[in-house]
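S.K.: Here you go, one structure.
The values are calculated or read from the model by the stated rules, or taken from the named source; none is laboratory data. Fair warning: this is a prediction, and the values are worked out from it, not measured in the lab. Virtual Cβ from ideal backbone geometry, glycine too; neighbours counted across all protein chains shown.
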Amino acid sequence: MAKKIVKMKPIRTNVRYIKAKQRGIHVLLSALWHLAPNAAKKIILNGFFKPTSYALTPLERQFLENATSFHIHVHDKDIQCWKWGQGPGILFVHGWNGRGVNFAYFFKPFIDAGYSVITYDAPAHGKSEGHVTNYFELSDTVRSFLDPSHGFNIQSIIAYSIGASATINCISKEKPLLDVVLIAPALKLKEILFNAFNHHGVPKIVYRNLVAEMERYYGYDVHQDNPDVLVKTISTKMLIVHDKDDRTIPYMDSKILSEKTNHVDLHTTEGLGHKQILRDNAVVNVITAYIFNGQTKRRMKKANLRPKEKKMTDNNIIIEEYRNADSEKRLYLFLSHRSLRDEFLEIDQSDTSVEFSEKPIKNKCRMCGNWGQSLVSALK
């Protein structure tokens, strides 16, 4: 039986097309930069800093229908916020192209446990004002929720993707005492952004000038405030949850960070990718347990510290009273406060203005009826 030989054409790759497109964009933007720099910047802003929107799920719509709506203002933009429940606040910070209600699977456990769930649509996202935004503005938005004047009483932050990047920036600046969970954090954000510029053929002179303008306006530095740099300078205990199969944000960045720092723990998942991780029940359970455990430890720590702090304050008052007392008062305090006698003796040795009388003690002890028995018993 004769075999039919079919000649296959070589599979055409798009490598040449991509390189040609990069060169074309590079030439056009370089020319536009010299002729009309503002127009070139606008093209970059719309291409790289303008989020897209997605439809809400039925569960997300249901939560929004039952939420308390409010607003805050960040850089003259009206930010749409929502709240559920009563009690200490748990702040949820969404990622790029996302919305606050994307954390819907996490809300019920915290509401049932007596916390208030607080989230928002970032600038230029969802129902909030703005057409473009950036990492610096997202950082300032997170920082706004920690402003005591707002009264949100934020105790924990759960943040995702670039929202986790903004949270790291916020923590490094505000230094709050919070329980923090970062889901698939974009740690090397500067590298991701610059690689995207280079991949699409954007001239360095264009994007570096644009980034420099943002730095001056918002008061940040893209190099020094890169999350990968900042996270190594803060001591706040954090949990990172990241999936091995995440093709958007490299899992290895989180793994390397957790291995090189003592304050970062890593919980690894598989098969969830970058988006499905927010809808996985096992992930929800891990994160809620982490937050609940952290909150319990903080309450116990406060409960244990308060009596000690009060005792120290009382002791200081007694020592100061002894320092200013006459001989009879000092004797009374010496007998009454056994634990402070070393401090009392130090005061006596350094203070020559008070001399104890050599006359016999004439006051009778009310407890035992013996002359001077209280002093003898106390010194035994």
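S.K.: Which of the following residues is among the aliphatic types (A, V, I, L, M) and surrounded by 24 or more Cβ atoms within 10 Å (Cβ to Cβ): Val206, Val222, Val180, Val132? Break it down stepwise before answering.
M.R.: Details: Val206 fails: surrounded by 24 or more Cβ atoms within 10 Å (Cβ to Cβ); Val222 fails: surrounded by 24 or more Cβ atoms within 10 Å (Cβ to Cβ); Val132 fails: surrounded by 24 or more Cβ atoms within 10 Å (Cβ to Cβ).
Only one candidate passes the filter, namely Val180.
S.K.: Quick one: in region 140-166, which of the residues that are within 20 Å of Tyr217 (Cα to Cα) and surrounded by fewer than 23 Cβ atoms within 10 Å (Cβ to Cβ) is nearest to the chain's Cα centre (by Cα)?
M.R.: Arg143
S.K.: Also, quick follow-up: Select from region 172-184 the residues that are more than 9 Å from the chain's Cα centre (by Cα) and either part of a strand (DSSP E or B) or not assigned by TED's automatic domain parsing to the domain that holds Asn285 (or both) and list them in ascending order.
M.R.: Listed by number, the list holds a single entry, Ile183.
S.K.: Let me ask something else. Just the residues that are of a type in the set (Asp, Glu) and within 16 Å of Lys127 (Cβ to Cβ), please, taken from region 46-93.
M.R.: Matches in region 46-93: Glu60, Glu65, Asp78.
S.K.: Listed residues Ser149, Ser144; which is out of contact with any helix residue (DSSP H, G or I) (no Cβ under 9 Å at 6 or more places or on another chain) and not in a loop (DSSP other than H, G, I, E, B)? Full working, then the answer.
M.R.: Working: Ser144 fails: out of contact with any helix residue (DSSP H, G or I) (no Cβ under 9 Å at 6 or more places or on another chain).
Exactly one of Ser149, Ser144 is out of contact with any helix residue (DSSP H, G or I) (no Cβ under 9 Å at 6 or more places or on another chain) and not in a loop (DSSP other than H, G, I, E, B), namely Ser149.
S.K.: Could I ask something else about it? When you scan region 152-171, how many residues do you find that are in a loop (DSSP other than H, G, I, E, B) and modelled with pLDDT of 95 or more?
M.R.: 1
S.K.: I would also like to ask the following. Need at least 3 residues that are free of Cβ contacts under 8 Å to residues at least 40 places away in the same chain per element, so show me which strands (runs of 3 or more DSSP E) inside region 26-114 make the cut, counting only ones lying wholly within it.
M.R.: Values: elements: 68-74, 77-84, 89-93.
Result: 68-74, 77-84.
S.K.: Still on this structure, please answer the following. Exactly one of these conditions fails for Thr119: (1) β-branched (Val, Ile, Thr); (2) in contact (Cβ under 8 Å) with a residue 40 or more places away in the chain; (3) in a strand (DSSP E or B). Give me its number.
M.R.: Thr119 satisfies all of (1) β-branched (Val, Ile, Thr); (2) in contact (Cβ under 8 Å) with a residue 40 or more places away in the chain; (3) in a strand (DSSP E or B) except (2).
S.K.: Answer yes or no: is there a residue in region 303-314 that is more than 30 Å from Asp179 (Cα to Cα), under 42 Å from the mean Cα position of the chain (by Cα) and modelled with pLDDT of 60 or more.
M.R.: Our first condition is that a residue be more than 30 Å from Asp179 (Cα to Cα); within region 303-314, this holds for 314.
After this cut, where a residue has to be under 42 Å from the mean Cα position of the chain (by Cα) as well, the list is 314.
Keeping just the survivors that are modelled with pLDDT of 60 or more gives 314.
Yes, region 303-314 contains at least one residue that is more than 30 Å from Asp179 (Cα to Cα), under 42 Å from the mean Cα position of the chain (by Cα) and modelled with pLDDT of 60 or more.
S.K.: Let me ask another. Which residues, taken from region 230-267, are within 21 Å of Glu174 (Cα to Cα) and surrounded by fewer than 17 Cβ atoms within 10 Å (Cβ to Cβ)? Step through it out loud before you land on a result.
M.R.: Within region 230-267, the first condition is being within 21 Å of Glu174 (Cα to Cα), and the residues that meet it are 230-240, 261-264.
Result: Lys232, Thr233, Ser235, Lys237, Thr261, Asn262, His263.
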